[in-house]
Amino acid sequence: MRPLDRYPSTGEINLRVSDPGAVLATLAARYRDADLDHLDGLTVGYPAWWFNIRCSHTEPVVRLNLEADTVSLMDEKRQEVLEVIQKADPGARVV
């Protein structure tokens, strides 16, 4: 049996932010043209890429996971989303 092909993924990126709710609200506003789901944090979906960001219940961080159809698109969108987070919370940092 052939293994399932997976989309290129960032894996989990943990970010320490001062106001997780504000970060999620900023992302929802920025990507309001996407399919948005608030069931587990915020999931933003486009045809060729998607991401989920959620608050940790055990650490003062948010957890970001992003997948895309190609590695280059994944890299581009990871950088874009991290820049939106950084603008929403200038003190945000990867931990």
Exercise for the section: Looking only at region 50-62, decide whether some residue is aromatic (Phe, Trp, Tyr) and surrounded by fewer than 17 Cβ atoms within 10 Å (Cβ to Cβ). Expected result: no
Handout entry: Selection from region 17-75 of residues that are outside any strand (DSSP E or B), more than 20 Å from residue 91 (Cα to Cα) and in contact with a Lys or Arg (Cβ under 8 Å, 6 or more places away or on another chain)
Key = 40, 41
Practice task
Give me the pairs, please: first residue somewhere in region 41-56 and within 15 Å of residue 30 (Cα to Cα), second residue anywhere and among the hydroxyl-bearing types (Ser, Thr, Tyr) and in a strand (DSSP E or B), beta-carbon distance under 8 Å, and either six or more positions apart or on two chains.
Solution key: 50/43; 51/43; 52/43
Problem - Condition check for residue 19: surrounded by 11 or more Cβ atoms within 10 Å (Cβ to Cβ) and over 14 Å from the mean Cα position of the chain (by Cα) - result: yes
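Let's see how each residue does on (1) hydrophobic (A, V, I, L, M, F, W, C); (2) under 15 Å from residue 10 (Cβ atoms):
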position	(1), (2)
42	yes, no
60	no, no
64	yes, yes
69	no, yes
80	no, yes
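Read the figures in this text as sums done on the coordinates, not as results from a lab. Given the structure is predicted, the values throughout are model-derived calculations rather than measurements. Virtual Cβ from ideal backbone geometry, glycine too; neighbours counted across all protein chains shown.
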